[in-house]
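Everything below concerns the one structure shown next.
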Amino acid sequence: MKERRFSLTGLIITMLIIAAIVLFGRHFHIENFHIIKPGVLYVSGQPRGMDYPRLLYRYHISAIVNVRSSDDYRKGNWYHEEVAWVRNNGVKYFELPMDKNDAGPNSFSDEDSRENFFTIMADRANLPLLLHGDNGRTRVPLLTAVWLVKSEGFSVKKAVEIAEKIRGQPLSENEIKFIRRSAN
């Protein structure tokens, strides 16, 4: 009987530990989160709920750059949550809306948007910075790659590798050409 009680207790403790790990992992999971340059640039999909305090306390985020378009604002309450959180926590907030449906070579055809991003990144008071989109796989990898090439001196090849890691799949030939053209 004693042996059975220990195995039941062990099973319950194991299940509680697994449940805690699952809940903790889900509670602090930021979709498609990547550290591009520690203390400088982090990228992700849309943060939610407790992701914001984690970004502030774990990564000391000073600014958030949102590349979601105004059409995305209609898909839930994330925008109001994000704006309220940054205002209440002294985090700077920048919007560089880019159309998700125009991803690829044309999505950053507005040179002003790219230059605005470079200007934001050049101001040390904005660092560390989080760059995010909806899922962080369409607009974010290309803007990150262009920044790495133009501002950090990365080769196009290395920047493409990082963009593909963020996206989770290869970039198209047009996207690679866009990064190459933007590097000049």
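Equivalent ellipsoid semi-axes for segment 31-182, as square roots of 5 times the alpha carbon gyration tensor eigenvalues: give them largest first, rounded to whole Å.
Computed over segment 31-182, the values are 24, 17, 14 Å.
Quick one: order 143, 56 by neighbouring beta-carbon count within 10 Å, fewest to most.
Listing 143, 56 from fewest to most nearby Cβ atoms yields 56, 143.
None of the figures in this text is laboratory data; all of them are computed from the coordinates on show. Please read these numbers as outputs of a predicted model, since none were measured by experiment. Quick reminder, even Gly has a Cβ in these numbers, built from the backbone with ideal geometry, and neighbours come from all protein chains shown.
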